[in-house]
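Colleague: Structure incoming, see below.
The values are calculated or read from the model by the stated rules, or taken from the named source; none is laboratory data. Quantities reported herein were computed from a predicted structural model and do not represent experimental measurements. Every residue, glycine among them, receives a Cβ derived from its backbone with ideal geometry; neighbour counts consider all protein chains shown. Quick note on the areas: whole protein, heavy atoms, side chains included, nothing else; ligands and nucleic acids left out. Shrake-Rupley method; radii C 1.70, N 1.55, O 1.52, S 1.80 Å.
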Amino acid sequence: SIKVLSNGTAIAGTSVAFDNSAIGTTDAKGILNYTFNVGGTHNLGASKDKYVSVAREINIRLPFSEYKALDLSIVPGSVFTNEQALIRSNITNAGTKADTREVELILNGTVVDNKSIALAPGEIKEINFTRKEALPGNYTVELLGQKGLLEVREEPLNLLLIGGIATGLGAIII
């Protein structure tokens, strides 16, 4: 809503221009409703016979969505090869409009999974991923800028299995 006043009094019938292009005339209450579709710094002008024309520089910020990860947890933080780890994060929309976005799970700089999440401004939702890595090593896990470390260790040899095999082979030999 654009309201044109002169000494605190609303001025009806005022021509309003946006970047020197006419966008309408104020109503009986001195108001013109207009939806801006471009952001940035622009000129807004008002003119009417018997009044001094005025122009004002305005800054328009369009609605936007901005998804952020508030935290990142990896449970457990250390697993053996082929064991699952749960990667969990609370995601919020810090912007001014509702939106749906793909949240990417990045391991060592490579996108390995993604999930779609819809959030209204200020809303927070938890998102979960499960991973099972076959190769041992340290993996950098990233979600929307939040980073963590997943340690994958080589699975130890099962001593009971080795003992059982040795016993079985010993029984066969005897």
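Colleague: State to the nearest 20 debye the size of the charge dipole of region 64-174 about its Cα centre, where the only charges are +1 on K and R beta carbons and -1 on D and E beta carbons.
Modeller: Here region 64-174 has a charge dipole of around 100 debye.
Colleague: Before I look further, what does the chain give for accessible area per residue, probe 1.4 Å, in whole square angstrom?
Modeller: Solvent-accessible surface per residue comes out at 65 Å².
Colleague: Right, something else. Per DSSP H run of at least 4 residues, take -39500 (n - 2.57); add these up for the chain, divide by its residues and hand me the 222 nm value, nearest 500 deg cm²/dmol.
Modeller: -3000 deg cm²/dmol
Colleague: Enter the accessible area of E142 (Å², nearest 10), with the probe set to 1.4 Å and all protein chains included.
Modeller: Looks like 50 Å² after rounding.
Colleague: In a GNM of the chain with a 10 Å cut-off on Cα contacts, which of S116, S89, S53 has the highest mean-square fluctuation?
Modeller: Fluctuation is largest for S53.
Colleague: Multiplying the sequence separation of S6 and K97 by 0.36 nm and subtracting their Cα-Cα distance, what value in nm do you get?
Modeller: Difference between extended and current length: 29.3 nm.
Colleague: Within straight cross-link reach of K147, meaning Cα distance under 25 Å, which lysines are found once same-chain residues fewer than 8 apart are removed?
Modeller: Correct list for K147: K68, K115, K125, K132.
Colleague: Between beta-carbons, use under 12 Å as the cut-off and find the net charge around S116, counting Lys and Arg +1, Asp and Glu -1.
Modeller: Neighbour charge sum, excluding S116 itself: -1.
Colleague: Carbon-plus-sulfur fraction of the accessible area of region 24-165, 1.4 Å probe, in percent?
Modeller: Whole-percent figure for carbon plus sulfur exposure: 50.
Colleague: Shifting gears a bit: Compute the angle between helix 159-173 and the longest alpha-carbon principal axis of the chain, please, reported from 0 to 90 degrees and rounded to the nearest 10.
Modeller: Orientation of helix 159-173: about 30 degrees from the principal axis.
Colleague: Here's something else I'd like to know. Considering only DSSP beta bridges whose two residues both sit in the chain, what percent are antiparallel, to the nearest 5?
Modeller: DSSP beta bridges in the chain are roughly 95 percent antiparallel.
Colleague: Moving on. Zone of L149 (label point 7 Å along Cα→Cβ, backbone N under 15 Å): which residues in region 79-101?
Modeller: 79
Colleague: Do any GluC sites (Glu not before Pro) in region 84-139 lie in a DSSP loop with no more than 16 other beta carbon atoms within 10 Å, and if so, which?
Modeller: For GluC sites (Glu not before Pro) across region 84-139 that sit outside H, G, I, E and B with at most 16 neighbouring Cβ atoms in 10 Å, the list reads E123.
Colleague: May I pose another question? Would you kindly state how much longer the chain becomes between T130 and D27 on full extension, computed as 0.36 nm times their sequence separation minus their alpha carbon distance, in nm to one decimal?
Modeller: That works out to 31.2 nm of additional length.
Colleague: Relative to the present Cα-Cα distance, how much length would full extension add between V38 and T110 at 0.36 nm per residue of separation?
Modeller: Taking 0.36 nm per residue and subtracting the Cα distance, the gain is 22.4 nm.
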